[in-house]
Amino acid sequence: MTTTNSPWLSILIPVYNVAPYLKACVESILSQDTQGVEVLLLDDVSTDESPALMQALQAAAPGRLQLLKHERNGGLSAARNSLLQAASGRYIWFVDSDDLLMPGAIDSLRRIVGAHEPDLVLCDFRTVREPMKLKHKLRGELHRRTFAGPAEQLSEDKNALLNGIFALGHLHSWSKIARRHLWGDDLRFPAGHFFEDMATTPELAMRAKSFYYVPEVWLGYRQRSGSILASMNFKKVDDMLLALQGLGQRLRAQKAVYSADTQFTAAFYVAKAFICAGRFAAKHAEPERLPDYLRAFQQCSPLSPQELMSAYLARGWCLRALRFRYWWRRSLSQP
């Protein structure tokens, strides 16, 4: 690891009305070796006890926490963007304020960065529930893989990186630790929109020249009622498709770099979002939205509907092909 005066890692925590969870989140970080690590918290104009709790946590750990605040509530994307602007670390790790860092996560990351200095580090996570029942454990919630590709090795295979991310569909930012330079001055979360991770993670992956995936649980994701997926509405559906805008064009423009398999895996991911949107519109008796969702699919996917159908059938994915064709045709049948 290159020695500099600046921190080697910035852990960035946006805070908004999370008083019941914030202390556990911060303590899960400060209980680890944070030498050379800056921990920044930004209050996005909370209306609960979060600001006072932030002050108390800072007082209890002198010099280990930096506090920022917004003058106006801007939402998660705006909070993350402000944190990113303030960060000085060579690596950036976004952690949500209701989640937890698992013991040893920072040390493991430090070893990987020191030995390999990859552009992007990927880790696994677990679900945190209260209570965690046997059925949750049996379905693998104590260890959720985020990547389907080479593990425990430095890789420069851009196809393996993008394909491995889209294959499992875990595009969340908190399981990706990136070099600061990947964000540059131009890559930011879309303010005012949901599914902000979907808008940034693919671009981060395409900018990375190297990556390292460690199949260890570094983060505990707290399962809460009222999450984005648990409380969908048409605004969120639109944002989900908007987040993927431009993906297809970028991949098509780099066919010399990204293989047919990678193009297909990305298209398959976009198709799942398209089908999700279609189902939501049908469930809420607004099928007239379907043509817009089909147009969004065509803008987001590196493969046309016809090409995706052929790719499904070539892989023997008949049921997936039938499902996609149903929503494709239903969209075309709308006036």
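What the table below lists for this structure:
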| item | result |
| --- | --- |
| Flag if F268 is in contact (Cβ under 8 Å) with a residue 40 or more places away in the chain and assigned by TED's automatic domain parsing to the domain that holds R111 | no |
| Any hit, region 228-249, residues being assigned to a strand (DSSP E or B) and either out of contact with any helix residue (DSSP H, G or I) (no Cβ under 8 Å at 6 or more places or on another chain) or free of Cβ contacts under 8 Å to residues at least 12 places away in the same chain (or both) | no |
| Qualifying residue in region 259-268 (condition: surrounded by fewer than 18 Cβ atoms within 10 Å (Cβ to Cβ), closer than 25 Å to D197 by Cα and of a type in the set (D, E)) | yes |
| Among residues of region 96-111, those that are closer than 21 Å to E196 by Cα and among the charged types (D, E, K, R), counted | 3 |
| Selection from region 255-265 of residues that are touching a residue at least 60 places away in the same chain (Cβ under 8 Å) and either among the aliphatic types (A, V, I, L, M) or assigned to a helix (DSSP H, G or I) (or both) | V257, D261, T262, T265 |
| F147 vs. criteria within 23 Å of D261 (Cα to Cα) and aromatic (F, W, Y) | yes |
| Residue that is farthest from the chain's Cα centre (by Cα), among those in region 103-124 that are under 23 Å from G164 (Cα atoms) and outside any helix (DSSP H, G or I) | E117 |
| Selection within region 276-318 - assigned to a helix (DSSP H, G or I) and among the aromatic types (F, W, Y) | F280, Y293, F297, Y312 |
| Filter pass, A87 being farther than 30 Å from R252 by Cβ and buried (at least 19 other Cβ atoms within 10 Å of the Cβ) | yes |
| Residue match in region 185-196 (condition: part of a helix (DSSP H, G or I), buried (at least 16 other Cβ atoms within 10 Å of the Cβ) and either in contact (Cβ under 8 Å) with a residue 12 or more places away in the chain or of a type in the set (S, T, Y) (or both)) | yes |
| Near pairs, Cβ below 7 angstrom, 6+ apart or cross-chain, from region 18-39 (in a loop (DSSP other than H, G, I, E, B)) to any residue that is at pLDDT 95 or above and acidic (D, E) | V18/D98; Q32/D107; D33/D107 |
| Any hit, region 146-159, residues being in contact with a Leu (Cβ under 8 Å, 6 or more places away or on another chain), among the aliphatic types (A, V, I, L, M), assigned by TED's automatic domain parsing to the domain that holds G75 and without any contact (Cβ under 8 Å) to a residue 60 or more places away in the chain | yes |
| Counted residues, region 277-309 - those being among the small types (G, A, S) and out of contact with any helix residue (DSSP H, G or I) (no Cβ under 9 Å at 6 or more places or on another chain) | 1 |
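The values are calculated or read from the model by the stated rules, or taken from the named source; none is laboratory data. Not measured: the values here are computed from a predicted model. Backbone-built Cβ (ideal geometry, glycine too); neighbour counts: all protein chains shown.
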